[in-house]
Ligand code: COA
């Protein structure tokens with residue numbers, strides 16, 4: 001059975017900060033951020049734009065663009081590590097905003113940055129049943145480390161929604177290998193505003209996981225390699241390790257340029273999106289490949305033939321990892337045409353460092369949503385201990 005991803009949609013906040021300006025404000029050589037970490041711009045959410053709003057926007061788009069009614073969704077999974085509640089799932093708010101049926105199974109999955117990937121695999125298993133049709137899996141996160149911290153240039157925000165079906169028009173997906181080990185590399189104690197990160201150790205844990213997962217398969221060096229991307233420079237290091245596993249140690253830079261680089265373009269403009277990061281990397285590869293083929297005047301289907309499948313590696317601190325294999329369907333260009341993520345990134349508003357600092361520290365609203373923000377939903381604060389959400393547009 002060809003179970004997999006029928007369609008993907010992405011939502012990123014409409015405001016961003018230039019890392020060049022952040023470096024200047026922090027008195028740091030800009031090349032540390034632009035080259036040493038590999039990030040140029042990072043998405044900054046507005047106070048009315050929490051993880052529910054990010055997720056609902058991505059979910060709304062994926063169903064609209066795929067031509068699927070919310071009533072056809074039988075399973076809704078949200079992967080996030082930025083939840084605002086320890087009992088009530090984030091997915092319940094998304095379920096309500098998207099007007100999905102009451103007979104839908106609705107829950108969150110928590111495993112740091114890997115939650116949505118585990119959710120996707122659960123949805124793929126679910127969709128194998130003849131009783132089940134469409135599942136909606138949404139990765140949504142806001143990555144925050146605080147002003148002036150080492151993690152500050154690796155913040156970001158965004159959501160990626162994936163529609164799963166047994167007749168996918170985008171790609172088939174299957175699990176190849178998995179890895180789990182209890183570690184304290186990145187964690188969020190309940191009483192702390194920001195995560196605790198052992199930066200160097202977290203990189204080591206990621207490398208151990210990637211080596212364990214890729215060692216269990218015969219690696220096809222002609223495939224594309226998509227990785228979880230906390231920051232693009234880390235992906236270069238990771239790919240150098242994977243290249244040595246497939247006997248390409250001396251050639252890893254060229255291999256990276258051919259098989260990985262295009263997936264790093266959007267993460268370098270959005271920053272870390274935790275659960276959404278690996279999926280934003282996939283979107284970056286697909287849209288870049290599609291647009292490149294159009295510019296060259298060749299068929300996107302032919303352009304992708306130089307690659308023999310897609311490896312997708314998801315990592316979550318704590319830690320767990322899974323290696324998946326994606327195989328594009330012939331209809332993939334039709335689905336990718338509606339992504340329009342590069343355009344959305346180009347159209348964002350640039351914040352000053354002062355505006356960004358105010359937004360990061362603003363505990364509550366109000367901030368006006370303007371007509372250019374493109375959000376269909378908003379968060380409007382807490383009333384009687386309950387978070388308030390509403391729809392602001394129906395087009
Ligand atoms: N020009 C070019 N490169 C420069 C530079 C300059 N002027 N100054 C520094 N660099 C390079 C460093 O050599 C280093 O590269 P390397 O990693 O290849 O050695 C890189 O920039 C970062 O410098 P470093 O001093 O290590 O930065 P830092 O102590 O401020 O921390 C992170 C960087 C990424 C560890 C920190 O931002 C962080 O903790 N982020 C979150 C980590 C995370 O997401 N972990 C999860 C993994 S799943």
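The values are calculated or read from the model by the stated rules, or taken from the named source; none is laboratory data. Only a predicted model underlies this, so the values are computations on that prediction, with no experimental measurement involved. Note: ideal-geometry Cβ built from the backbone for every residue, glycine included; neighbour counts use all protein chains shown.
List of remarks:
- Qualifying positions in region 32-53 - within 15 Å of the ligand (Cβ to nearest atom) and over 15 Å from the mean Cα position of the chain (by Cα): 32, 33, 34, 35, 36, 37, 38, 39, 40
- The helices (runs of 4 or more DSSP H) falling completely within region 265-321 that include 1 or more residues that are surrounded by 24 or more Cβ atoms within 10 Å (Cβ to Cβ) and in contact with a strand residue (DSSP E or B) (Cβ under 6 Å, 6 or more places away or on another chain) map to 267-270, 277-296.
- Flag if residue 237 is surrounded by fewer than 16 Cβ atoms within 10 Å (Cβ to Cβ), within 12 Å of the ligand (Cβ to nearest atom) and under 29 Å from residue 8 (Cα atoms): yes
- Residue within region 254-262 that is within 15 Å of the ligand (Cβ to nearest atom) and either modelled with pLDDT of 95 or more or buried (at least 19 other Cβ atoms within 10 Å of the Cβ) (or both) present: yes
- Residue within region 14-23 that is under 19 Å from residue 161 (Cα atoms) and in contact (Cβ under 8 Å) with a residue 12 or more places away in the chain present: yes
Okay, residues lined up against (1) under 14 Å from the mean Cα position of the chain (by Cα); (2) closer than 21 Å to residue 8 by Cβ; (3) part of a loop (DSSP other than H, G, I, E, B); (4) away from the ligand (no atom under 16 Å from the Cβ):
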| residue | (1), (2), (3), (4) |
| --- | --- |
| 117 | yes, yes, no, no |
| 125 | no, yes, no, yes |
| 129 | no, no, yes, yes |
| 139 | yes, yes, no, no |
| 147 | no, no, yes, no |
| 160 | yes, yes, no, yes |
| 167 | no, yes, yes, yes |
| 176 | no, yes, no, yes |
| 182 | no, no, yes, no |
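- One residue from 222, 208 being part of a loop (DSSP other than H, G, I, E, B) and either over 21 Å from the mean Cα position of the chain (by Cα) or free of Cβ contacts under 8 Å to residues at least 60 places away in the same chain (or both): 222
- Applying a threshold of 6 Å to beta carbon distances and a minimum spacing of six or more residues, or different chains, the list of pairs starting in region 77-105 at a residue that is surrounded by 14 or more Cβ atoms within 10 Å (Cβ to Cβ) and ending at one that is part of a loop (DSSP other than H, G, I, E, B) reads 81/112; 90/80; 90/83.
- Scanning region 24-39 for residues that are free of Cβ contacts under 8 Å to residues at least 40 places away in the same chain, in a helix (DSSP H, G or I) and surrounded by 15 or more Cβ atoms within 10 Å (Cβ to Cβ) turns up 30, 34.
- Per the listing 270, 304, 283, the residue uniquely under 23 Å from residue 243 (Cβ atoms) and touching a residue at least 24 places away in the same chain (Cβ under 8 Å) is 304.
- Only residues that are within 13 Å of the ligand (Cβ to nearest atom), outside any helix (DSSP H, G or I) and more than 10 Å from residue 317 (Cα to Cα) were counted in region 184-205, giving 5.
- Qualifying residue in region 54-61 (condition: in contact (Cβ under 8 Å) with a residue 12 or more places away in the chain, buried (at least 20 other Cβ atoms within 10 Å of the Cβ) and within 16 Å of the ligand (Cβ to nearest atom)): no
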